[in-house]
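The values are calculated or read from the model by the stated rules, or taken from the named source; none is laboratory data. The structure presented is a predicted model; accordingly, all values stated were derived computationally and were not measured. All Cβ positions, even for glycine, are placed from backbone atoms using ideal geometry, and neighbour counts span all protein chains on display. Just the protein is used for accessible areas: all its heavy atoms, side chains included, with ligands, DNA and RNA removed. Shrake-Rupley method; radii C 1.70, N 1.55, O 1.52, S 1.80 Å.
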Amino acid sequence: KHTLNIIGGGMAGSEAAWQAANAGVNVVIHEMRPKVETFAHRTGNLGEMVCSNSFRSDDHEQNAVGLLHWEMRAAGGLIMQMAEKHRLPAGGALAVDRDPFAESVTAALKSHPNITVSYDEITALPDDGHWIIATGPLTSGALAQAIQTETGAEALAFFDAIAPIVYHDSINMDIAWMQSRYDKGETIEEQTAYLNCPMTKAQYEAFIDALLAAEKTAFKEGETAGYFDGCLPIEVMAERGRETLRFGPMKPVGLTNAHDPDNKPYAVVQLRRDNALGTLYNIVGFQTKMKYGAQKDVFKTIPALEDAEFARLGGIHRNTFINSPTLLDDQMRLRSKPNIRFAGQITGVEGYVESAAMGLLAGRMAVAELAGRSLPSVPDTTAMGALVTHITGGAEAKTFQPMNVNFGLFPPVEGTKNGRRNRKTRYKAYTDRAKADWQAWLDQLA
Ligand code: FAD
């Protein structure tokens, strides 16, 4: 009988183990805690929540993360089952009593007849056998080194630098225009790759004031390593001088406002397409440690973004992740060493729920492979499919940064207008379609 080895017993590793073990596969979970600690974990439990005790919105009709909950429940997910058991009152959110939650996850895994837990740190990439690496944002140094040796230094990051991402259909195109600086590029598509928002001097000065005044979050203890060139938070750039941004990411050169060609903008905010579907745009160079509320207030003062809807807000965190779009195949296997799959936050998804979801999928993919089958591809109309499609190919590889699940990752629903006023109907249509397609996919496996 085959054995599936899983490195890391966090959100992803626990879920992967559960899925595989329930399908009759022998599983060994290799977990370094409590022997080797991280700066964020406090216990030796499997499935420990390192910070907030919330799995976010449980609304599976209007919210993409709630939809992911629904899909995981339909697939018999362990994390959702234990979350339900230890649920705390929290309005529409799925919050849990964290210690009993993790203790239950640990107990369920340890008492499973097909699962063994081995408390050891894995420090090298295994050459044979079937493996899933689910070591998370705080992957131990030795293993991260080994991964980097295999993938190249550029393909594994130790920090994320997330610029806010805006839904394309919430941008005011009466003000913004499409143009690359100096119209650079061979094709029309390249020459118009950027979406530009013009600012007058007064607007720029007010924007700088707002950045300087905004509330910021501090790095947690153990998280700091200073900033790197090329990913300074914008508010730090603004602190270095009022003109720094105007000579950096907001420089107005090489651009002509299509709506007002005679008026040179004083500064320009640029957005760039973030996914192949063209539904998401990130604000170039706008990684930030501003608090979420402050980000919305400040970014909505940018002309053309006054009604912007954010698919995700910016952030900078200690976060080990690989460049999945270039490194992984659509079965989440490392192209250069296909006996190894990756799952969880290290694949470039962000959040407990997304990490567990990618664990669920990786576990099922491993099961199919061990049985000599390959899993039919997950429809990209489901939350699960939209996420895995994004990380293994849909995302722009060059600027790849961790992603939360959101409706911008889904192919637009036919027959619903992409207007903001119809949002409720549209989201319901997304979730109805996803549930039907996810259920059909599960039925196909059974
Ligand atoms: P983890 O849950 O971290 O599991 C990885 C496991 O691998 C750990 O148990 C670790 O000990 C083990 N491990 C690492 N290296 C090795 C090795 N070489 N050998 C053996 N075992 C190893 N997400 C949210 O949704 N909400 C939050 O509030 C939140 N806060 C966060 C705060 C911090 C400080 C960090 C770093 C991340 C936070 N995240 C949060 C992001 C992320 O969703 C969680 O970290 C989530 O736990 C990721 O799941 P995972 O399974 O990929 O990794």
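Using a simple spin-label model with pseudo-atoms 7 Å out from Cα toward Cβ, T256 and E61 lie 5.2 nm apart. Above 31 Å, the calculated P(r) of the chain contains 42 percent of its Cα-Cα pairs. Each principal axis of segment 21-164 carries a Cα extent, and these read 45, 45, 28 Å when sorted largest first. For S374 and T3, the FRET efficiency from 1/(1 + (r/R0)^6), where r spans their Cβ atoms and R0 equals 25 Å, is about 0.80. Taking the helices alone, the chain has a mean residue ellipticity at 222 nm of -9500 deg cm²/dmol, built from -39,500 (n - 2.57) per DSSP H run of at least 4 residues and averaged over all its residues.
With N as its number of residues, segment 199-315 has a Cα radius of gyration that, divided by 2.2 N^0.38 Å, comes to 1.10. Counting only protein heavy atoms and using a 1.4 Å probe, the accessible area of M11 comes to about 20 Å². The simple spin-label model puts a point 7 Å past each Cα toward its Cβ; for A206 and K184 those points are separated by 3.1 nm.
Counting only protein chains, not ligands or nucleic acids, how are I147, I122 ordered by accessible area (probe 1.4 Å), most first? Intermediate values should be presented prior to the final figure.
Details: I147 0, I122 30 Å².
Correct descending sequence by accessible area is I122, I147.
How far, in nm, would the chain grow between Q444 and A107 when pulled straight, counting 0.36 nm per residue and subtracting the alpha carbon separation? Don't skip to the end; give the middle numbers.
Working: separation 337, 0.36 × 337 = 121.32 nm, distance 3.08 nm.
118.2 nm is the gain from fully extending Q444 to A107.
Straight-line cross-link partners of K300 among the lysines, defined as a Cα under 24 Å from its Cα and at least 8 positions apart when in the same chain: K201, K216, K251, K264, K289, K291, K417, K424.
Judged by the gyration tensor of its Cα atoms, with axes a ≥ b ≥ c, segment 18-66 is oblate; a/c meets the 1.5 cut and b/c is at least as large as a/b.
The apolar share of the surface of segment 317-446, taken as the fraction of accessible area on carbon and sulfur atoms (1.4 Å probe, ligands and nucleic acids excluded), comes to 48 percent.
Rounded, prolate or oblate, given the Cα gyration tensor of segment 105-194, with a/c below 1.5 counting as rounded? Prolate shape, in that a/c is at least 1.5 and a/b is the bigger ratio. Straightening the chain between M173 and T217 buys 12.6 nm, computed as 0.36 nm per residue apart minus the Cα-Cα spacing.
For I283, the accessible area of its heavy atoms, probed at 1.4 Å with every protein chain present, is near 0 square angstrom.
Taking the convex hull of the alpha carbon positions in segment 144-257 and averaging its projected area over all directions gives 10.5 nm².
Size of the dipole of segment 57-206 about the Cα centre, Lys and Arg at +1 and Asp and Glu at -1 on the beta carbon, nothing else charged, in debye to 20?
My answer is approximately 400 debye.
Need one value: the accessible area of L212 in square angstrom, 1.4 angstrom probe, rounded to the nearest 10. Its accessible surface works out to 70 Å², give or take rounding.
A Cβ-based charge dipole, computed about the Cα centre of segment 193-344 with Lys and Arg at +1 and Asp and Glu at -1, lands at about 580 debye.
Starting from 0.36 nm per residue, how many nanometres of slack lie between R42 and E121 once their C-alpha separation is accounted for?
Details: separation 79, 0.36 × 79 = 28.44 nm, distance 1.68 nm.
Gain on extension, R42 to E121, equals 26.8 nm.
Leaving out ligands, DNA and RNA, what percent of the accessible area of segment 1-115 is carbon and sulfur, probe 1.4 Å?
52 percent
Projected label points at D297 and A397, each 7 Å from Cα along the beta carbon direction, are separated by 4.2 nanometres.
Which whole-number value in Å² is the accessible area per residue of the chain, probe 1.4 Å? Don't skip to the end; give the middle numbers.
Working: 18280 Å² over 446 residues.
Heavy-atom accessible area per residue stands at 41 Å².
Take each of the peptides 361-367, 438-444, average the number of other beta-carbon atoms within 10 Å over its residues, and list them starting from the highest. Write out the running numbers ahead of the final one.
Numbers: 361-367: 26.7, 438-444: 14.4.
By packing density, highest mean first, the sequence is 361-367, 438-444.
Of all the options L360, L409, L88, the one that moves most in a Gaussian network model of the chain with Cα springs shorter than 10 angstrom is L88. Gyration tensor analysis over the Cα atoms of segment 22-98 returns equivalent ellipsoid semi-axes of 25, 19, 10 Å (largest first, whole Å).
Computed on protein heavy atoms with a 1.4 Å probe, the accessible areas place M403, M32 in the order M32, M403, largest first. The largest accessible area among F101, F158, F310, F247 belongs to the first residue in F247, F158, F310, F101, and the rest follow in falling order (1.4 Å probe, all chains).
Annotation: lysines with alpha-carbon distance below 29 angstrom to K35 (same-chain offsets under eight excluded): K85, K110, K220, K337.
Under 1.5 on a/c is rounded, so check that first for segment 310-446, then, if it is not, pick prolate when a/b is larger than b/c and oblate when it is not; a ≥ b ≥ c are the square roots of the alpha carbon gyration tensor eigenvalues. Don't skip to the answer; put the middle values down first.
On the way: a/c = 2.22, a/b = 1.22, b/c = 1.81.
Judged from the Cα gyration tensor, segment 310-446 comes out oblate (a/c at least 1.5, b/c at or above a/b).
Put simply, the convex hull of the Cα atoms in segment 341-387 casts, on average, a shadow of 3.1 nm².
Can you give me the relative contact order of the chain as a percent, contacts being Cα pairs under 8 Å and 6 or more apart?
Values: 898 pairs, mean separation 97.0, N = 446.
Once divided by the residue count of the chain, the mean separation gives 22 percent.
Taking GluC sites (Glu not before Pro) in DSSP loop conformation with at most 10 other Cβ atoms inside 10 Å as exposed sites, the chain has its longest uninterrupted site-free stretch at 222-413.
By DSSP, what percent of the beta bridges with both residues in the chain are antiparallel, rounded to the nearest 5?
Numbers: 31 of 48 bridges.
Expressed as a percentage, antiparallel bridges in the chain total about 65.
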